[in-house]
Amino acid sequence: KWDQEAIKWVHDSVKGSPVILEAHLGQYHWGSRVSVYTGLPTVIGWPWHQIQQRTDYSYLVDERVDDVREIYETTYDERALELLRKYRVQYVVVGDLERITYAGAGLSKFEKLGKKVFENRRTAIYKDDWH
């Protein structure tokens, strides 16, 4: 329900094709739910297509997975900002999936790094103030 409300807000409010950041899960798990239902690009979605079709560059998929984890988990604002800028992220999703996947104090940094543009009881979306 909470993610569904967030996805509806994205459909109604976000213009263009900005990059969103959301939790990444392994193959055949329910990650990239905002990207899937909005069509917006995300830093790393379902990686198998990229690994299969671009074998020589599969290390870049692993790098993105690691970078997404680091963005969510790091407590160093400057490192998070560096990675957010690297991928041109404009929206960050923090919901139950992110809290389960990326435990720790790192999630709270988005309160000061971005502007909260959506919030319900379990999901928040932050817009970039880092560009």
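The values are calculated or read from the model by the stated rules, or taken from the named source; none is laboratory data. Quick caveat: nothing in here was measured; it's all calculated off a predicted structure. Note: ideal-geometry Cβ built from the backbone for every residue, glycine included; neighbour counts use all protein chains shown. In case anyone asks, the SASA skips ligands and DNA or RNA and just uses the protein heavy atoms, side chains included. Shrake-Rupley method; radii C 1.70, N 1.55, O 1.52, S 1.80 Å.
Per this entry, ILE51 is counted among residues that are over 17 Å from the mean Cα position of the chain (by Cα), more than 17 Å from LYS116 (Cα to Cα) and surrounded by 12 or more Cβ atoms within 10 Å (Cβ to Cβ).
The condition of being of a type in the set (Gly, Ala, Ser) and on the phi > 0 side of the Ramachandran plot holds for GLY104.
Selection within segment 67-81: residues that are assigned to a helix (DSSP H, G or I) and free of Cβ contacts under 8 Å to residues at least 40 places away in the same chain. The member of this set that is most open to solvent (accessible area, probe 1.4 Å) is GLU78.
Scanning segment 82-93 for residues that are open to solvent by less than 10 Å² (accessible area, probe 1.4 Å) and part of a strand (DSSP E or B) gives VAL89, VAL92, VAL93. Consider TYR57 carefully, then state whether it is among the hydroxyl-bearing types (Ser, Thr, Tyr), open to solvent by 90 Å² or more (accessible area, probe 1.4 Å), assigned to a helix (DSSP H, G or I) and modelled with pLDDT under 90. Answer is yes for this residue.
For segment 20-48, the set of residues classified as assigned to a loop (DSSP other than H, G, I, E, B), under 20 Å from TYR91 (Cα atoms) and open to solvent by less than 60 Å² (accessible area, probe 1.4 Å) consists of GLU22, ALA23, HIS24, LEU25, GLY31, SER32, LEU40, PRO41, VAL43, ILE44, GLY45, listed by residue number. The number of residues in segment 103-126 that are assigned to a loop (DSSP other than H, G, I, E, B) and at pLDDT below 95 comes to 2.
Suppose we filter ARG64, ARG99 for residues that are open to solvent by 30 Å² or more (accessible area, probe 1.4 Å), assigned to a helix (DSSP H, G or I) and under 24 Å from GLU5 (Cα atoms); which single one remains?
ARG99
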